[in-house]
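*Asks:* One structure follows; several queries about it will come next.
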Amino acid sequence: MSREVAFAAVRLGMENTKTTGILFYGGEPLLEKQLIRDIVEYTKKINAETGHIFYYKVTTNGTLLDEEFLKFSQEVNMAVGFSHDGPAQDDCRRFHNGVGSFDVLAEKIPLLLKYQPYAVAMCVVDPSTVHKAAETLKFLHGKGFRYVTLNLNYDKAAAWTKRHLAILEDEYKKMAKFYVKWTKAEEKFYLSPFDRKIISHLKGEKYHEDNRMMSREQPSIAPDGTIFSYSRYVDNPVYAIGNVFDGIDQAKRELIEEKGAALAAPCLECALRPRCNYAYDNLNREASEPAEFLPDISPVQCVHEQLLTPIADDAAKTLYRERSAMFMHKHYNELYPVLSLVEDKG
């Protein structure tokens, strides 16, 4: 991305708001460390002139992390998302020469957590690595990560079978035991599959309203300046909604949002619909025209929600019945984020 495009994206992101979040991702964003620095410097000048507040986050595979960049991220309060698949790392994250990246990242993890104790570990579960999912969580926790996101590979090339999904169910049950154990031990720990399911129960219909609002406020910018409604559609021109120099085509943006809010036929009567992470969040990526957008829920996504929800609920019920102080504080105290931050700052 050129500086001209990057700076125009910053200015666009400032419209009609007093705060702007900037997320650097790719590809691998740390291939462009100087560009990241230049963008942050540009926003600092804007802040000095206007008082506009900026927040930053970078999502990286970690191979190019070094102390200099981590010091910089600490200075500007830039959050770091760190992709790592634990014991499955060498199975699916290899360099172009076929060598695995696990050993390269071994020294990066303690360095990252030294400067970013709340860095988010981000892992992807694939059919080929699903049997290591719980082991991956245990590994990341053991290394000191307290925020872990776990997502399934839903690409059509990912050949999920009933056998793989049965293994995933067993892995989630193992994770549930970890989740209960660590929460009872009063550890501050966030695991996206479980905590999101618990939040979906507490929020009800508002769960999807909040998610849609968040998505609407997070457009993605391609290197050439094209704006897309969601990051997963960046490679599909059908989902382009403008460019950083001319602005957003609001009519097309609203059309995509309207189509995205429609329910696929199987979802209409589903009891899990209010809590499903996909019911209102899928469009047909193969559509060639906006008018052809249709909700497109994969069977794997459906089965995933059906097997995860009761496991997460059982873990929550256990902690609720026992009145786990950390669980109650975390999910039922609206001031928890503020109080937790104050506590951590000492």
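*Asks:* Out of the residues in segment 130-152 that are in a loop (DSSP other than H, G, I, E, B) and surrounded by fewer than 21 Cβ atoms within 10 Å (Cβ to Cβ), which is modelled with the highest pLDDT?
*Replies:* Per the criteria, the residue is 144.
*Asks:* If you check every pair at least six apart or on different chains, which have Cβ atoms under 6 Å apart with a residue in segment 87-108 that is farther than 10 Å from residue 129 by Cβ first and a residue that is of a type in the set (Asp, Glu) second?
*Replies:* Pairs that qualify, where the first residue is farther than 10 Å from residue 129 by Cβ and the partner is of a type in the set (Asp, Glu), are 100/90; 102/90.
*Asks:* In segment 203-250, which residues are in contact (Cβ under 8 Å) with a residue 40 or more places away in the chain, surrounded by 17 or more Cβ atoms within 10 Å (Cβ to Cβ) and at positive phi?
*Replies:* Matches in segment 203-250: 225 only.
*Asks:* Right, another one. Which count do you get for residues in segment 266-305 that are at pLDDT below 80, part of a helix (DSSP H, G or I) and farther than 15 Å from residue 229 by Cβ?
*Replies:* 2
*Asks:* Among the residues of segment 1-34 satisfying the criterion of being among the aromatic types (Phe, Trp, Tyr) and not in a helix (DSSP H, G or I), which is surrounded by the most Cβ atoms within 10 Å (Cβ to Cβ)?
*Replies:* Ranking the candidates gives 24 first.
*Asks:* Taking segment 35-50 only, how many residues are exposed (fewer than 15 other Cβ atoms within 10 Å of the Cβ), over 13 Å from residue 11 (Cα atoms) and free of Cβ contacts under 8 Å to residues at least 24 places away in the same chain?
*Replies:* Here the count works out to 3.
Residues are listed down the side, and each one gets a yes or a no for (1) surrounded by fewer than 20 Cβ atoms within 10 Å (Cβ to Cβ); (2) modelled with pLDDT under 95; (3) in contact with a Gly (Cβ under 7 Å, 6 or more places away or on another chain):
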site: 155; (1), (2), (3): yes, yes, no
site: 169; (1), (2), (3): yes, no, no
site: 173; (1), (2), (3): yes, no, no
site: 176; (1), (2), (3): no, no, no
site: 185; (1), (2), (3): yes, no, no
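*Asks:* Additional query: Give the number of residues within segment 77-125 that are among the acidic types (Asp, Glu), touching a strand residue (DSSP E or B) at 6+ places or on another chain (Cβ under 7 Å) and either more than 17 Å from residue 143 (Cβ to Cβ) or part of a loop (DSSP other than H, G, I, E, B) (or both).
*Replies:* Matching residues across segment 77-125 total 1.
*Asks:* Can you report the number of residues in segment 153-189 which are assigned to a helix (DSSP H, G or I), under 18 Å from residue 303 (Cβ atoms) and either in contact with a Phe, Trp or Tyr (Cβ under 8 Å, 6 or more places away or on another chain) or touching a residue at least 40 places away in the same chain (Cβ under 8 Å) (or both)?
*Replies:* 8
*Asks:* May I ask you to say which residue of 44, 57 is modelled with pLDDT of 95 or more, over 19 Å from residue 107 (Cβ atoms) and either under 19 Å from the mean Cα position of the chain (by Cα) or in a strand (DSSP E or B) (or both)?
*Replies:* After ruling out the rest, the residue left standing is 57.
The values are calculated or read from the model by the stated rules, or taken from the named source; none is laboratory data. It should be emphasised that the depicted structure is a prediction, and the values quoted were computed from it without experimental measurement. Virtual Cβ from ideal backbone geometry, glycine too; neighbours counted across all protein chains shown.
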